[in-house]
Amino acid sequence: MVIKIYFGGKPVYVCDEITDALNEVLHHPDAVFIDEISGPAIKSLLHEIVKDEFHAGVLWHSDFEALKKSFFKHFTFIEAAGGLVQNEKKDVLFINRLGKWDLPKGKLEPGEDPAECASREVTEETGVSNLQLRKKITDTYHTYEAFGKHYLKQTHWFYFTCEGKQNLIPQIEEDITEIKWFKTRDIRVPVANTYEAIKDVLRTFFDTP
C-alpha cells in the first residue's frame, strides 16, 4: 500500500512496497529514502523536507500499519471531505480561496459520514444544492502548520452531480472570493493555479497521467 502525503508541493510516500513509480522517484538525486520507523529516522526525514533541494521522500516498512502509526503520531490528525461537482453540461465547480483555485471541502463533524460531510461542505461553501452522490474518487493527504502545531489532513473526495440553475454564493467567512464553473476543455486554467493534491484528484477522476 502507498499513501502520498504533501508537504507544500513536495510528496512523501509512506509505503510497504516499492512500485515502479516509486523507483522512478528514488532515481532523483534529491529524493530521500528511509526504511525504518524509529522516531529519530522519521524526524530526520521531516528535517530534510524543509530544504529547498528536497524533491521527495519514500518511507518504507514491511508493516504498513505500524509505519503509518509511527509517522502520523508526529502530527495532529484531521479528517475532512470534499466534492468534485459537475452540472448538466459536465462543467466542473471550482472555488477561489486565498488566491488559489480549489475544490470545496471541510472538516468532518463528530460522527459525521464522509460523503455527507462532502455534500454539506459543497453546499455551505458554494450554495450549490440538490447534489447527487455518484462515487468516491480518492483520498488525499497534506500537512500544514497553524498556531505552532503540525497538522496532517486526510481528505475524502467524492463525485457529485447537480441539475437545474444554481445560485452560486461564496462563503466569505471561509475566505472564498469566487465560484466558477469551468468547462472540461478549460480545466487547465484552474490547474495552473491550484494545489498538488487537487491535481491528483482531477487526474484520478479524469483518468489522465
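The values are calculated or read from the model by the stated rules, or taken from the named source; none is laboratory data. Bear in mind that the values here come from a model prediction, so they are computed numbers and not experimental data. When we count neighbours, we look across all protein chains shown, and the Cβ atoms used for this are built from the backbone with ideal geometry, even at glycine.
Within region 145-193, the residues that satisfy the criterion of being farther than 21 Å from Lys89 by Cβ and of a type in the set (S, T, N, Q) are Gln154, Thr155, Gln171, Thr177, Asn193. Scanning region 157-176 for residues that are touching a residue at least 40 places away in the same chain (Cβ under 8 Å) and under 20 Å from Lys100 (Cβ atoms) returns Trp157, Leu168, Ile169, Pro170, Gln171, Glu174, Asp175, Ile176.
If you go through region 48-68 and keep only what is surrounded by 15 or more Cβ atoms within 10 Å (Cβ to Cβ) and of a type in the set (Lys, Arg), you end up with just Lys68. Among the residues of region 76-96, those identified as surrounded by fewer than 18 Cβ atoms within 10 Å (Cβ to Cβ) and farther than 13 Å from Ile187 by Cα are Thr76, Phe77, Ile78, Glu79, Asn87, Glu88, Lys89. Given the condition surrounded by 14 or more Cβ atoms within 10 Å (Cβ to Cβ) and in contact (Cβ under 8 Å) with a residue 60 or more places away in the chain, answer yes or no: does some residue in region 126-137 qualify? Yes; the residues of region 126-137 include at least one that is surrounded by 14 or more Cβ atoms within 10 Å (Cβ to Cβ) and in contact (Cβ under 8 Å) with a residue 60 or more places away in the chain.
Is it the case that Leu152 is over 13 Å from the mean Cα position of the chain (by Cα) and hydrophobic (A, V, I, L, M, F, W, C)? No. Is it true that some residue in region 113-133 is within 23 Å of Leu202 (Cβ to Cβ) and modelled with pLDDT under 95? Within region 113-133, none of the residues are within 23 Å of Leu202 (Cβ to Cβ) and modelled with pLDDT under 95.
Would you please name the residue that is farthest from His150 (Cα to Cα), looking only at residues in region 19-50 that are over 22 Å from the mean Cα position of the chain (by Cα) and assigned to a loop (DSSP other than H, G, I, E, B)? That would be His27. Among the residues of region 32-47, just one is touching a strand residue (DSSP E or B) at 6+ places or on another chain (Cβ under 7 Å), within 25 Å of Tyr195 (Cα to Cα) and surrounded by fewer than 17 Cβ atoms within 10 Å (Cβ to Cβ), namely Phe33. Listed by first and then second residue, the pairs with beta-carbon distance under 6 Å, at least 6 apart or on different chains, first residue in region 177-199 and part of a loop (DSSP other than H, G, I, E, B), second at pLDDT 95 or above and surrounded by 11 or more Cβ atoms within 10 Å (Cβ to Cβ), are Lys183/Asp91; Asn193/Lys100; Asn193/Trp101; Thr194/Lys100; Thr194/Trp101. Taken as a whole, region 73-80 holds at least one residue that is without any contact (Cβ under 8 Å) to a residue 24 or more places away in the chain, on the phi < 0 side of the Ramachandran plot and not in a strand (DSSP E or B).
Any residue at all in region 98-107 that is exposed (fewer than 12 other Cβ atoms within 10 Å of the Cβ) and in the same structural domain as Ile169 (by TED's automatic domain parsing)?
Step one: of region 98-107, the residues exposed (fewer than 12 other Cβ atoms within 10 Å of the Cβ) are 98-99.
Next, only the ones that are in the same structural domain as Ile169 (by TED's automatic domain parsing) stay: 98-99.
Yes: one or more hits.
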